[in-house]
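> I have a structure I would like to understand better, so I am pasting it below and will then ask my questions one at a time.
The values are calculated or read from the model by the stated rules, or taken from the named source; none is laboratory data. Because the structure is a prediction, the values reported are computed rather than measured. For neighbour counting, all protein chains shown are included, and Cβ atoms are generated from backbone atoms with ideal geometry for every residue, glycine included. For the accessible areas, the whole protein counts, side chains as well, though only heavy atoms, and no ligand, DNA or RNA atoms are used. Shrake-Rupley method; radii C 1.70, N 1.55, O 1.52, S 1.80 Å.
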Amino acid sequence: MLASIRTRFSWEQGTAAGAILEFNNPEYSVFGSSPFVSDGNFPLSTLQLAYSAAVRQSPDGRLSQEIGDALDAAALDGASAGSAVLLGSLTDPSRYNYWLDAANAQLNFLLNVAPRTSTGAISHRVDSRQYWADGVYMGFPFIAYFGAVTNNATLLQIAYDQCRLYRDALILDGPTGKLWGHIYSDDNKTWIDEGIWGTGNAWAALGMLRVAVTIQKTEHSSDMASQIACLTSWIKEILDGEFAALTSDNLVPNYIIGGPSFPDAASTIALASVAYRVAYIFPQQFGKHYTHVAAKIRDTVICNITNLGTLQPIVDPLPDPFPYWNQTGLLSTEAQAFGLMMFSAWRDWIGA
């Protein structure tokens, strides 16, 4: 599965780096016991991807942008590699300033350069003010991680506030519960994609989980108990709504409403990873039901892995034709990364 991950776009670079960190060096993921200090291990695979992200940083601070001689017009996607880059400053002292400068530039872009919506949310796009459910994973865990590493409670609060603002903008009453629409334009006050997209909801749950756990691992966790509680309640909202939409083959549809409903292993296995994590970390809120569903998903997805190690069936991640999330595909970095996240979460859960 590791060999199947290809990195091309900025969100792929960061998502792959995060997944490989969880799988190869879980002590440095936010789910580790002391993730914000070096224990002497060198997370080579993750830092190789982080190095590529930093080398391809654009002058405005966005990581992984200068790939294929073009910028991708996303404000948040580059930050998906931010935590891995900042990890370099903790674990690779010979390049300490290089890693820290790159991470600082990415943080500065998010806080001071990227467009803001009318509510103060950081726009997912640089050329307009838009909310994308995907952005909750791309940008806000990095802000929280930076806050944890530097013991900056203000950054932790900003990461939480951004999750809240995105939920406020995108939450809908769906047929299986409250779930997130995909894309909303703050410029026009209209939906670009009002559909309840499985992967978008998975991105939101993955991002909020990482923000919640990051806050929990800091000395500010007691003061921010209400923020953690809100984040976990919003994660539960997504899991409940998406799991209620599971089809007879134990996969969630690509869209519950608003788009093609073919079964999608990518979003499903991402949600399973979240279920394993929350059942382990927040057992009072998440009972056995969640791990029972995750186990069914795990077994289904494993049975459908191809002889090349790729997950199937998956939504197409390629950016042409638009909208590309309306069709099935053959290979997806994010799907492969979600698989690693699920196996890592399962490993931690069974080892608890």
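> Can you give me the three principal axis dimensions of the chain from its C-alpha atoms, in Å, biggest first?
52, 49, 44
> Convert each backbone phi in the stretch 73-82 into a coupling constant with the Karplus relation 6.51 cos²θ - 1.76 cosθ + 1.60 (shift: θ = phi - 60°), then list the ³J(HN,Hα) values in order as whole Hz, x for Gly and Pro.
Karplus-based 3J(HN,Hα) across the stretch 73-82 equals 6, 9, 8, 9, 4, x, 5, 4, 8, x Hz.
> Please give the contour-minus-distance gain from Leu44 to Arg95: 0.36 nm per residue of separation, less the Cα-Cα distance, rounded to one decimal in nm.
Details: separation 51, 0.36 × 51 = 18.36 nm, distance 1.35 nm.
Net length gain for the segment: 17.0 nm.
> Given a 10 angstrom Cα cut-off, can you work out which residue in Ile20, Ile269, Ile192 is the most mobile in a GNM of the chain?
Ile192
> Right, here's the next one. Determine ³J(HN,Hα), in whole Hz, for all residues of the stretch 160-175 in sequence, where each value follows from phi through the Karplus function 6.51 cos²θ - 1.76 cosθ + 1.60 and θ = phi - 60°; x replaces Gly and Pro.
4, 4, 5, 4, 4, 5, 5, 4, 4, 7, 10, 5, 9, 8, x, x
> Report, ordered by chain and residue number, the lysines lying within cross-link reach of Lys236, taken as a straight Cα distance under 21 Å and ignoring same-chain residues fewer than 8 apart.
Qualifying lysines at Cα under 21 Å: Lys178, Lys217, Lys288, Lys296.
> Taking the convex hull of the Cα atoms, report for the stretch 227-352 its projected area averaged over all directions, in nm². Let's see the in-between values first.
Working: hull surface 33.1 nm².
It is 8.3 nm².
> Find the accessible area per residue for the chain; the probe is 1.4 Å, ligands and nucleic acids are left out, and the unit is Å². Write out the running numbers ahead of the final one.
Working: 12860 Å² over 352 residues.
Per-residue accessible area for the chain comes out at 37 Å².
> Amide H neighbours of Gln130 under 5 Å, at least 5 residues apart or on other chains, H built in the peptide plane: list them.
His124, Arg125, Asp186
> Could you check the spin-label model distance between Tyr324 and Arg347? Points 7 Å from the Cα along Cα→Cβ, value in nm.
If labels sit at Tyr324 and Arg347, their model points lie 2.9 nm apart.
> Assign unit charges at the C-beta atoms only (+1 for Lys and Arg, -1 for Asp and Glu), then state the dipole size of the chain relative to its Cα centre in Debye, rounded to the nearest 20.
It comes to approximately 500 debye.
> Related question: Can you tell me the dipole magnitude for the stretch 208-254 around its Cα centre, using point charges on the Cβ only (Lys, Arg +1; Asp, Glu -1), in Debye to the nearest 20?
Working: 3 positive and 6 negative charges, 26 e Å.
Around 120 debye, computed over the stretch 208-254.
> Ok, one more. List, in order, the whole-Hz ³J(HN,Hα) value for each residue of the stretch 234-248 obtained from phi through the Karplus relation with A = 6.51, B = -1.76, C = 1.60 and θ = phi - 60°; use x for Gly and Pro.
6, 5, 4, 4, 5, 4, 4, x, 6, 5, 5, 9, 4, 8, 5
> Additional query: Would you calculate a helix-derived [θ] at 222 nm for the chain, using -39,500 (n - 2.57) for each DSSP H run of n ≥ 4 and dividing by the full residue count, to the nearest 500? If you can, show how the numbers build up before the last one.
On the way: 12 runs with 171 residues, N = 352.
It lands at -15500 deg cm²/dmol.
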